[in-house]
Structure formats: C-alpha cells, structure tokens
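Remarks on the structure that follows.
No lab work stands behind these numbers, since they all come straight from the coordinates. Keep in mind the model is a prediction, meaning the values are calculated, not measured. Ideal geometry is used to build each Cβ from the backbone, glycine not excepted, and the neighbour counts take in all protein chains shown.
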Amino acid sequence: MWPWEIAKHLREIGLVGINQRNADYVLRYNQRRFYPRVDDKLITKQLAIEAGMPVPELFAVISMEHDIEPVHELLKDREQFVCKPSRGSGGDGIVVVTGRRGDRYRKASGQMMSRDELSHHLSNTLSGLYSLGGQPDKVLIEYCVQFDPLFENVSFRGVPDIRIIAFLGYPVMAMIRLPTMKSDGKANLHQGAIGVGIDIPTGITRRGVWGNEPVHEHPDTNNTIVGLQIPNWDDLLMIASNCYELSSLGYVGVDIVLDRDLGPLILELNARPGLNIQIANGNGLEHRLAKIEALSVPSKDPRERIEFSKANFPTL
C-alpha cells in the first residue's frame, strides 16, 4: 500500500493523533483545575468513595520517610498488597506483592524483594522518582486485586485491566490490557502487554494487538483472546459514564479491574488517555467523538448515554 493510500485509509477510519487529541479534546473539554482529580490517585480514590463507587481498599498512605518502617509492621499479616505512587503514570513505580517468605516479599513476577529493598523503593517513590514532573509524592498501599477466573488462561501473572474512554459521559471505545511475560506481569502496552478491543454494545473482545502485531492468541499461553465475554459489562459502562460527573473532565480514560469476589473496581482515571486503544479496536475515535459533539444537548442521564453508545459504537 502506497503512503498516500495509508493516509487516506487512516482519515477514513477517523484515526486521532496526539496533536488532534490534545487540541480538539483534552484542551477543549478538560479544564486544568480539575486535573488533580485524576492525576493524584489518592484524590481519585477519595472522590470515588464519597460517590459510592467501587475502588480497591486502601490499607495505608505513606507521606514521609518516617512512615516507611511502621508500614512493614502494619502489613505483617498481609500476604498480598500493592504499593503505587499517588501521582505516578504509565505503571512506573508500582510493586505488586503476591506472597511472603519471612521478611522477604514475593513480587508478581516471582522475584523476591528484601525488606530493605522495598523500603528503598518506597523512599524513591516519596522523592518523586516515579511521579509526574518529578515532584515529591505519596505511596498508596492497597488491596491486591484477585483477577476474575475468565482471565486465568489469557494473562501472565499480573491482573488485566479494562480501559474505557468516555467523552461527555458517553463510553466511546474500550479495550482490555492483558499482561505478558514481556511486560513482567503489568497491564501496560508500552511495556509489552496485549491490547484487545472490546465491542461497546456487547462487551465481547474482537481483536488484539501486541506492539504493532495483530494477534488472536496470548503469546505465553497460546489461548484465544478473541470472543471473550467481559463479565458485568453494563456495570463497567455505568462506572465509566459516571466518571464524567466524578472527574468533571469531558474526555477521560477510565481504568477498571475485575475482582473475582468484589466485581468491578476503579483503578485510576486519566485526563490524557493513550491512543493505542484505536489500534486494538481497528478503528478511529474521531467519528465516534463527532457523533457526540453533534448532539444538540448531551444527556445528563448515564443510562441514556450508555444506550446511545451501544446503538452507535459497535466494533465491526
């Protein structure tokens, strides 16, 4: 295919690039004064709890160096937990502990981490090593999600998460990110996870991409990643839709995990969600976003918004 043919095809499917995303959607619909609601995971969690929306339980918040040692004592009876920067991005700085052996912690990758090594990591996190702009940060210690059995054969060690982009409260595109050996068990596409597009009306996975390579099976398990029915799909769409009012941001990425016992839980929100979701779905965002912009008055009812999305945004 010639370059001009590729460009024409991308225009036809409405592929949105970074500059267009920033100028036409992020800057236009996301007021900067509301960014802390999503850039700071502690604020996001507090807002969600106040709104009665589901989030992983918070065990502790580390704000100062002298808070680190007491946390080891606080966690002594917990086999599993997650440490994450409050203002981190891209999955950097997150440590998932899935077991213990004496004073040593077992990470999701299977590697062991000493007490001193974990303390050093927490100290680095406080210093801002993983935060947006390198500013001093806090560490959240929270419940370690137990993934739904559906994903047991299509995930390598880590917990898959579901990204839904919502525009003015309308879910417009969705994907599930499946950890791989390459991604070290993290659901991060840039680190080697698989992105699998999800059909908005049905919640069924349609196609996957690993890097720039289309895939139909998980590279580590060889099990199909296409045709999976996401449990509680309508609940996930409702959560994504309600995050419009929660965040006051018009264009937002909503990351949700499915716990085998607790169901859907909000992991985090993103004011500048990445665009690889388009590759995972084999479709562009522009035409879907334009349909919502064309509405004379966007609905204030989340149920109406979801029904509109189901009727207008199937994955072909």
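What the table below lists for this structure:
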quantity	calculated
Percentage relative contact order, the chain, counting C-alpha pairs under 8 Å, at least six apart	20 percent
Packing-based order for 217-223, 264-270, 29-35, 175-181, using average beta carbon neighbours within 10 Å, highest first	175-181, 264-270, 217-223, 29-35
Mean ellipticity per residue at 222 nm, deg cm²/dmol - from DSSP H runs of n ≥ 4 across the chain, formula -39500 (n - 2.57)	-7500 deg cm²/dmol
Separation of alpha-carbon centers, the stretch 16-92 and the stretch 275-296, rounded to whole Å	26 Å
Pairwise Cα inverse-distance average, inverted: Kirkwood Rh of the chain (Å)	20.2 Å
Lysine pairs in the chain with Cα atoms under 15 Å, if 8 or more residues apart or on separate chains	9
Ranked packing of 188-198, 156-166, most packed first, by mean Cβ within 10 Å	156-166, 188-198
Tyr105, Tyr25 arranged by Cβ crowding within 10 Å, fewest neighbours leading	Tyr25, Tyr105
Relative exposure of Val254, Val97, judged by other C-beta atoms within 10 Å (fewest first)	Val97, Val254
The chain: angle of helix 3-13 to the longest principal axis, Cα-based, in degrees nearest 10	90 degrees
